[in-house]
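Remarks on the structure that follows.
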Amino acid sequence: MKSVNVVYNTKKKKGETQYGVLFNDGLVRKRREWRGIKDTLYDFSRWLYLWYIVIDVTLSKGAVKGLFRYRWMANYIVVPHLMDKFTIGMRDETLRITHTAMDFVIKDVASLIKDCLRGDRRCGNDVEFSNQCILSDENAMTVPFMGFPTVKAVLREIPVMFSANLFNQFCAMYYLDVAQQFGIPGDVCPMPEAEAGASISDDFVVMGKAAVQVNTTCDGSLMGNGLIAKRLERQYGIKTFQLAAPMRHTQEDVLEYAAEDMKQCVKFIEDTMGVKWDWDAYFKAIKRVNATTRMRLECLDINSTPYPQFYGAVFSLFNDTDYMGNCGRSEVFPKIEEKIMKYVRQGYKNKTMQASEYRHRCIVWGVQPQYVIDQLYWMVNCWGVVPLTDMLSMVIEREFVEEDTPENREQAWKDMAYLNMNMIMRNHTHGGYEVLVDSLWHYVEKMNADMVMMWEHMSCKALNGMHGQFEDQARERGIHLVWVSHDLCDPRVYTRQAIRDQFSQYMRTVMREEPLDPTLEFLPDEHAF
């Protein structure tokens, strides 16, 4: 059995020692968390900043109409509560890392909401702005737009479904029920099914001159995209391009086809929008992508030490936003990355920890619902189990050509195809046995982990088929494997407490351990945001 040394913090923890007392039977907590004077003031200043973002969106063009027109708009009133979920127990550099990253993610989503409502035919109806926009699939890398600095990629599914689910765990249920009444089976992955339900119930904004969809997640996503594309084209006259990535993305021989398809997508954008691909803009963007990769790899290197700094749901969300939604196109992201890395290095130097004791080092694998609940931070504070990294954060590890030469221009098409094929929701779920199973043990060894928490998504058939292989290989390696079942964004199948109970049961019965903070083991938060 692999052993891990228990690490203790040398500094006395400021403020709260028991966090379960903050929860009540209502929708929000009884009071704000006390973190000592300095950290409480910092946290409160960020709380005020989030309210500024909410007010700014409310005052933007089309927002008032949107609030009454779209049911998903109301979810964003509870933005500050999201940060309370993701910062529980944090102090010093860890608190600042999380706020710096997550505050910017929230600001990025707020900008997206403003763009959606501004261009929406029903609300802002800014036709000139809308004609500069293309709808992009939320599950796509925005690679085809890296060379179009004047074209705005609008991921309209994010505010309707993905980010809304962060704030309100019940927001997808209406769309799921609509989709199933329409005849879609109930055992499909809830995310694409809810997106299809939003389209059926006419709860998407209508804007943009064209749309680009991808096949890079799963069959459920393809099903939803088909419904959405038909409505875009037939009812709203928005032309849609299907960017099809090969399934065998680990094999070099598919790059030629994938690169050709990427060229066709770029040509579609050129013809539709009346603009030309800008190689200068592309190579500037790919330099930023390479810088992002270096930052993420440095974070993971530090997380492989006894003092991990940047981890949990926010690490994954920031990667998601940076790699997919941004994909090097923004000049602002590198500044945020530099600020985060300053805190990461400083926290590592100061041996900053979130809990008083780290008992186990854990890799989180599988299709995850961790954005919806504060499961990963709960694991740290309740059981002393540190989630070093997760499957969706283990994406691109290579850098791409970034100098503008004739040879590099031809290679760039393959690089863009590679990026598209290795997007976050696909990198370890497609491509064969090696990317899903073998890669896990590689990261377990690399990150010095002794435990794996395996998210078992009830509607993800591909990953569930590997259950036995994971069990056998974990046993051979002496790795503790904790299975936690869920149904992604449908809380009616597995509630928050039911998800936590599975983990707690393993810690008590197999590990024979007691919680660091017993007040967190059972929480009355089933009706909370």
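The values are calculated or read from the model by the stated rules, or taken from the named source; none is laboratory data. Just so it is clear, the structure is predicted and the values come from calculations on it, not from any experiment. Cβ atoms come from the backbone with ideal geometry, glycine included; neighbour counts cover every protein chain shown. In case anyone asks, the SASA skips ligands and DNA or RNA and just uses the protein heavy atoms, side chains included. Shrake-Rupley method; radii C 1.70, N 1.55, O 1.52, S 1.80 Å.
Summary of computed values
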item	result
Extreme residue, positive dipole direction of the chain, given options PRO159, VAL435, ASN408 (C-beta unit charges)	PRO159
C-alpha center-to-center spacing [the range 490-529, the range 224-287] in angstrom	43
LYS263 accessible area, 1.4 Å probe, all protein chains in place, Å² to nearest 10	60
Nearest 10 degrees, 0 to 90: helix 92-119 Cα axis against the chain principal axis	30
Three-way shape call for the range 92-181 based on the alpha-carbon gyration tensor, with the a/c threshold at 1.5	oblate
Most positive-pole-ward Cα, ALA449, GLY62, THR272, against dipole of the chain from beta carbon charges	GLY62
Angle in degrees between helix 279-303 and the longest Cα principal axis of the chain, rounded to the nearest 10	10
Relative contact order (%) - criterion: Cα under 8 Å, at least six apart; region: the chain	21
Highest average packing first - 512-519, 217-224, Cβ atoms within 10 Å	217-224, 512-519
Binned Cα-Cα distances of the chain, short to long, each 20 Å bin given as a whole percent	22, 59, 19, 0
From phi via Karplus (6.51, -1.76, 1.60), per-residue ³J(HN,Hα) for the range 443-453 in Hz, x at Gly/Pro	6, 4, 5, 5, 8, 6, 9, 10, 8, 10, 9
Options THR217, MET73, PRO369, ranked by Cα towards positive dipole end of the chain, top entry (Cβ charges)	MET73
Hits among lysines - C-alpha to C-alpha of LYS267 under 19 Å, sequence gap 8 or more where chains match	LYS152, LYS209, LYS239, LYS276, LYS414
Cα-centre dipole for the chain with unit charges at Cβ (Lys and Arg positive, Asp and Glu negative), debye to 20	1700
Lysines with Cα under 23 Å of LYS339, excluding same-chain neighbours fewer than 8 positions away	LYS38, LYS85, LYS107, LYS284, LYS287, LYS349, LYS351
Whole-angstrom gap from the range 330-386 to the range 153-188, using each part's C-alpha centre	28
